[in-house]
Amino acid sequence: MRPANTPLQHVDDWDEFVAARYRQGKSEDEFRNYKSDANPTVTEFYRQNHSHQTLDFVLSKKAEYCSLNRGRKSIWEMADYLNTLVDDSDPDTDLTQIEHLLQTAEAIRKDGHPRWFILAGLVHDLGKVLCLYGEPQWAVVGDTFPVGCGYSDQIVFPEFFATNPDSGIPSYQTKYGVYQPHCGLDRVHLSFGHDEYIFQVTQQYLPEEAQYMLRYHSFYAAHRHGAYRHLMNQHDERMFDWVRKFNLYDLYSKGRERPKVQDILPYYQDLVSDFFPDEIAW
């Protein structure tokens, strides 16, 4: 029996839900109708996510993981490690995690984007190794959102915040909460997950545009619905153009033809070696 804190069959179920929610051509009314899109396991996942992602929790996980003290490994070693997340008993997917990453990267490469953009597509989900570190699904995937301030109604399933302990702290439930107007997102704590972790791991190696893509690709309330602009500064606004460009590939690359890994692997091995040393801190 699956543990109570892992309601999804697989962490990629969240990705499939998001892709359905933002299906190209959907009207605003359609993609705000979450319950018609969600299955019970996704709904339960968000109930747990919104109940447990408090400011204290986020700060504790940042202290635990963002010091990058879990050893040094190569990008490819961590991709192989991530492959162990694949559930062989799941009849709905037989793609490895590496193949999922290559699908995104190949879609970006096909459209002629810069090499750093392609590389962001390749590594963007490597932070899901948090599941293999023992973190529950709700601390790894899911739409991200600021903690320590009022919750936007543009966040999926906002009603589930009623059971979050921070909802009972008045100073956390004002418009700005613990932050200042237009302070910049680098001073704002988002719910913890794979976005923040892969940003921390790779930030010294990638250009800032890629850093924004990695750190905020799950911040849908902001880059799809325009929420939390009162916390963003002008630099954030400019950089979010890149986040929105990236998310078109993150959402819609899945389901394309299966990548021919052996044919394209030499290109990606060269690409990774151009930006990263043999081993980096995780």
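Structure notes:
- Of the residues making up segment 104-123, those that are surrounded by fewer than 21 Cβ atoms within 10 Å (Cβ to Cβ) and closer than 22 Å to D13 by Cα number 1.
- Qualifying residue in segment 121-130 (condition: among the basic types (K, R) and either closer than 23 Å to S60 by Cα or touching a Phe, Trp or Tyr at 6+ places or on another chain (Cβ under 8 Å) (or both)): yes
- Selection of segment 239-275 for residues being touching a Gly at 6+ places or on another chain (Cβ under 8 Å), modelled with pLDDT of 95 or more and of a type in the set (D, E) yields an empty set.
- Count of segment 215-238 residues which are among the charged types (D, E, K, R), part of a helix (DSSP H, G or I) and either at pLDDT below 95 or within 23 Å of D13 (Cα to Cα) (or both): 1
- Filtered by the rule that a residue be assigned to a helix (DSSP H, G or I), of a type outside the set (D, E) and under 23 Å from D12 (Cβ atoms), segment 166-211 gives H194, Y197, I198, F199, Q200, V201, T202, A210.
- Hits in segment 245-282 - residues which are within 17 Å of the chain's Cα centre (by Cα), surrounded by 15 or more Cβ atoms within 10 Å (Cβ to Cβ) and under 20 Å from E208 (Cβ atoms): K245, F246, N247, Y249, D250
- Enumeration of residues in segment 10-61 that are modelled with pLDDT under 70 and not charged (D, E, K, R): Q24, G25, S27, F31, N33, Y34, S36, A38
- Segment 36-49 residues that are closer than 11 Å to D13 by Cα and part of a loop (DSSP other than H, G, I, E, B), paired with ones that are of a type in the set (V, I, T) and at pLDDT below 85 (beta carbon under 9 Å, 6 or more apart): none
- As a summary of the residue check, D186 satisfies the conditions (1) in contact with a Phe, Trp or Tyr (Cβ under 8 Å, 6 or more places away or on another chain); (2) of a type outside the set (S, T, N, Q); (3) surrounded by fewer than 19 Cβ atoms within 10 Å (Cβ to Cβ) except for the one numbered (1).
- Members of segment 125-165 found to be part of a loop (DSSP other than H, G, I, E, B) and closer than 19 Å to P7 by Cα, listed by number: G134, E135, P136, V140, V141, G142, D143, T144, V156, F157, N164
The values are calculated or read from the model by the stated rules, or taken from the named source; none is laboratory data. Remember, predicted model here, so these are calculated numbers, not experimental data. Cβ coordinates were reconstructed from backbone atoms using ideal geometry, including for glycine residues, and neighbour counts include every protein chain displayed.
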